[in-house]
1. Would you check which residues across the stretch 87-128 are aliphatic (A, V, I, L, M) and in contact with a Phe, Trp or Tyr (Cβ under 8 Å, 6 or more places away or on another chain) and list them?
2. Can you tell me which residue within the stretch 162-202, out of those that are open to solvent by 30 Å² or more (accessible area, probe 1.4 Å) and within 23 Å of the chain's Cα centre (by Cα), is nearest to L112 (Cα to Cα)?
3. Tell me the helices (runs of 4 or more DSSP H) entirely within the stretch 138-241 that contain at least 1 residues that are acidic (D, E) and under 29 Å from Q77 (Cβ atoms).
4. Would you confirm whether any residue within the stretch 44-53 is over 17 Å from V271 (Cα atoms) and either open to solvent by less than 70 Å² (accessible area, probe 1.4 Å) or of a type in the set (F, W, Y) (or both)?
5. Tell me, yes or no, whether the stretch 55-73 has at least one residue that is part of a loop (DSSP other than H, G, I, E, B), in contact with a Ser or Thr (Cβ under 9 Å, 6 or more places away or on another chain) and at pLDDT 85 or above.
6. Filter the stretch 119-135 for residues that are surrounded by 11 or more Cβ atoms within 10 Å (Cβ to Cβ), assigned to a helix (DSSP H, G or I) and within 19 Å of the chain's Cα centre (by Cα) and give the result.
7. What single numbered condition from (1) among the hydrophobic types (A, V, I, L, M, F, W, C); (2) open to solvent by 20 Å² or more (accessible area, probe 1.4 Å); (3) under 27 Å from A277 (Cα atoms) fails to hold for F239?
Amino acid sequence: MTSLDKPGAAAGPRTDRPRRRRVGTGGRHGVPPVPLLLPALVALVFLLLPLLALIVRAPWRSLPDQLSSTEVWQALQLSLVSATAATAVSLVLGVPLAWLLARTDFPGRRFLRALVTLPLVLPPVVGGVALLLALGRNGVVGKWLDAWFGITLPFTTTGVVIAEAFVAMPFLVISVEGTLRAADPRFEEAAATLGASRFTAFRRVTLPLIAPGIAAGSVLAWARALGEFGATITFAGNFPGRTQTMPLAVYLALQNDPDAAISLSLVLLAVSIAVLAGLRDRWMTGA
């Protein structure tokens, strides 16, 4: 037996060389180039400076007194109730709409999706005017509601909920539709082969799969409804205790009592931070 036949014997000179670690400038830990770093810092200051100014100029000593007034609690209670009701309306109507856009194919689907997302880019005041023309006392539908049932929607608490749902529902629809498109439809097909109807498959299979997307969309819709201003003041007015929500109270207080406006703004800022904290697992984790 030769030395080449022996187990473990080297067959020849080793030509392997240690691999060199490639060091590039495009890695996550590299030094960012100055033409990108400077605009990024300017953008960061531009976004954070107003929020820091709000915190610095806040009347911290009188803050408890400002937030304990009856008007503030009425506006806060109305904002929370109306935003929650608008989110519930968005869930009941928006989830089926998202399923229709994601799971069915029909003529004009892309055009319908564009119409659904239109309130995202539509100025809120224009949305309020559109709601008045549709649901007002002389509106396309509102005049029949008033004549047949005696229902008047503008300048009521119900009008606040409708205005908020109008601007908030697209956020939920987009979130749920994206989750539905990412979900594997084979689970629904397997449920159908076992005899489940399409609605049963949606209720027992699809809903548990898209629950995180529904939760994220609900939080976004609730936050958007809570901060709604333009459509609400146009369609529902600004009546304390009935239609005056927190953003409307901030606008009114800014004209007469700037400290109260700052205090109310801090409450909305705290709510926004809480919303971001609730969505951190979905959008704020690094890749």
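1. Taking the stretch 87-128 as the starting set, the residues that turn out to be aliphatic (A, V, I, L, M) are 88-89, 91-93, 95, 97-98, 100-102, 112, 114-116, 118, 120-122, 125-126.
Passing the criteria: only L120.
2. So the first thing to find is which residues in the stretch 162-202 are open to solvent by 30 Å² or more (accessible area, probe 1.4 Å), and the list is 162, 166, 169, 171, 174, 178, 181-182, 184-190, 192-200, 202.
Imposing the further condition that a residue be within 23 Å of the chain's Cα centre (by Cα) reduces the set to 162, 166, 169, 171, 174, 178, 181-182.
Numbers: I162: 21, F166: 16, M169: 14, F171: 15, I174: 13, G178: 16, R181: 17, A182: 20 Å.
Once the filter is applied, the top-ranked residue is I174.
3. Working: elements: 157-182, 186-193, 198-201, 211-226, 230-235.
Result: 157-182.
4. yes
5. Taking the stretch 55-73 as the starting set, the residues that turn out to be part of a loop (DSSP other than H, G, I, E, B) are 57-62, 68-69.
Okay, now just the ones that are also in contact with a Ser or Thr (Cβ under 9 Å, 6 or more places away or on another chain), so 58-59, 62.
This time we only want the ones that are at pLDDT 85 or above, so: 58-59.
Checked the stretch 55-73: at least one residue is part of a loop (DSSP other than H, G, I, E, B), in contact with a Ser or Thr (Cβ under 9 Å, 6 or more places away or on another chain) and at pLDDT 85 or above.
6. Answer for the stretch 119-135, where residues must be surrounded by 11 or more Cβ atoms within 10 Å (Cβ to Cβ), assigned to a helix (DSSP H, G or I) and within 19 Å of the chain's Cα centre (by Cα): P119, L120, P124, G127.
7. (3)
Every residue, every condition in (1) under 22 Å from A231 (Cβ atoms); (2) without any contact (Cβ under 8 Å) to a residue 60 or more places away in the chain; (3) touching a Cys at 6+ places or on another chain (Cβ under 8 Å), yes or no:
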residue: V89; (1), (2), (3): yes, no, no
residue: G108; (1), (2), (3): no, yes, no
residue: L112; (1), (2), (3): yes, yes, no
residue: V116; (1), (2), (3): yes, yes, no
residue: P124; (1), (2), (3): yes, no, no
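The values are calculated or read from the model by the stated rules, or taken from the named source; none is laboratory data. Everything quoted here is computed from the prediction, not taken from an experiment. Glycine also receives a Cβ, built like all others from the backbone with ideal geometry; neighbour counts cover every protein chain displayed. These accessible areas exclude ligands, DNA and RNA; they are computed on the full protein's heavy atoms, side chains included. Shrake-Rupley method; radii C 1.70, N 1.55, O 1.52, S 1.80 Å.
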